[in-house]
1. Six or more apart or on different chains, Cβ atoms under 7 Å: show the pairs whose first residue is in the range 149-177 and within 23 Å of Cys327 (Cβ to Cβ) and of a type in the set (Gly, Ala, Ser) and whose second is modelled with pLDDT of 90 or more and crowded, with 17+ Cβ neighbours inside 10 Å.
2. Is it the case that the range 138-146 has a residue that's touching a helix residue (DSSP H, G or I) at 6+ places or on another chain (Cβ under 7 Å) and outside the structural domain of Leu294 (by TED's automatic domain parsing)?
3. Kindly establish whether Phe45 is closer than 26 Å to Leu294 by Cβ and surrounded by 16 or more Cβ atoms within 10 Å (Cβ to Cβ).
4. Scan the range 273-289 and report the pairs whose first residue is without any contact (Cβ under 8 Å) to a residue 60 or more places away in the chain and whose second residue is of a type in the set (S, T, N, Q) and surrounded by 11 or more Cβ atoms within 10 Å (Cβ to Cβ), with Cβ atoms within less than 6 Å and a gap of 6+ or a chain change.
5. Within the range 286-299, how many residues are hydrophobic (A, V, I, L, M, F, W, C) and surrounded by 20 or more Cβ atoms within 10 Å (Cβ to Cβ)?
6. Of the residues that sit in the range 28-74 and are assigned to a loop (DSSP other than H, G, I, E, B) and touching a residue at least 24 places away in the same chain (Cβ under 8 Å), which one is nearest to Gln106 (Cα to Cα)?
7. Condition check: under 22 Å from the mean Cα position of the chain (by Cα) and exposed (fewer than 13 other Cβ atoms within 10 Å of the Cβ). Does Arg87 satisfy that?
8. Just to verify a result, which residue in the range 13-27, among those that are under 20 Å from the mean Cα position of the chain (by Cα) and in contact (Cβ under 8 Å) with a residue 12 or more places away in the chain, is surrounded by the fewest Cβ atoms within 10 Å (Cβ to Cβ)?
Amino acid sequence: MQHSYVGILVNDKLYNSIPVGDTKYEAIDFYVEAGRRYGVTPCFFRIHDVRSANPWIKAYVKQDDRFVLTRVPLPVVIHNRALYHGRKKFRELGSWADGGTLFFNQWNRYSKLQTQHILLNETSLKPHLPETFTATSRHIDMMMKQYDKLIIKPDQSGVGRGIMLLERNGDNWKLTFPASLSVHNRRWKQMEFKGNRIPSLLTRWLRKKKFIVQQRLPLATFQGRPFDMRVSVQRDGSGEWQVTGLVAKVAPHNRFLTNVAQGGSLQQLQDILAQEYPQLQQQDVFQAIHEFSLKIARILGSSLPHMADLGLDIGITKDGVPLFIECNGKDQRYAFREAGMTEEWKASYYNPIAYSKYLLDQRKQ
């Protein structure tokens, strides 16, 4: 039997955990199940397993009830589930695509400022986007004159790491910032200052890393806490974008971040709407979020190369109007599992395999 292999590009940590069956948040068996449905064989490997001019690689393939390191031809279709940094890796992955590999989510860590600029080219989206600039002292000073609440966050970081809140507090300003840049930071510090001259601590942070400054969006709340949604938007077996599912993320009490890694909790949106916003028609809210998310995905998909699997952070106002927060090229799918949304969790793995089969079929035509 000849196999049609679909490559899943992973990082070292996940790769090393495959043979011992401890892949944490990545439910890789769902890829295998989806492969059986669509008649393809997923194989898991790393960027350095590919050798120039060598058409073969060693990759983990499920055989019977275990994953076995197997020599396979370099797959024609590859789905990137690893995060890489630096221009060298960017060029290397680009060379695979230039050589004929159908490579989706080829680069999945894009600048937040870059995605904002792409979306701002669509005039109809402007009311749904936070005003955003590179976080220089001049830009922060300008934004402090326009808004009472600002978000300052790293331009290329995830899971809420390093995000700060700057808000007017009477005649003063208050900066709320993490005690550490740890992914699981749970301690926050505050600093008050007068006028628009930002504290030296913040200035030092801005020198070390690129940050952006944004107006804080007027997010709807649940039990007095702001919430937003993680919306999984993926290309499916037809090659078209569709919404796989969405789950609400609620900030902890007296906090402003909704990220689960920063202590946020997960809820189903319909429960929040029923309890807090009974005046809104749930079907209309869901439809607005779906249409908005698909529009975002199509615009980004036409501008960023080979995008097919996105996790969008979308908020809503108290009137149900969708707002764009940011885009994630490597969606953390476990939120569906944690929220008890097993069907959506499973589908988030099935769709990339279905899309891979679509690409393979297109290649044969």
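The values are calculated or read from the model by the stated rules, or taken from the named source; none is laboratory data. Since the structure is predicted, the reported quantities are computational estimates derived from the model, not experimental observations. Reconstructed Cβ throughout: ideal geometry from the backbone, glycine too, with neighbour counts over all protein chains shown.
1. Once the first residue is within 23 Å of Cys327 (Cβ to Cβ) and of a type in the set (Gly, Ala, Ser) and sits in the range 149-177, its partners that are modelled with pLDDT of 90 or more and crowded, with 17+ Cβ neighbours inside 10 Å give Gly158/Asn328; Gly162/Lys153; Gly162/Pro154.
2. no
3. no
4. Leu273/Gln282; Gln282/Gln270
5. Qualifying residue count, the range 286-299: 4.
6. That would be Arg46.
7. So Arg87 passes the test.
8. So, considering only residues that are under 20 Å from the mean Cα position of the chain (by Cα) and in contact (Cβ under 8 Å) with a residue 12 or more places away in the chain, the one surrounded by the fewest Cβ atoms within 10 Å (Cβ to Cβ) is Tyr25.
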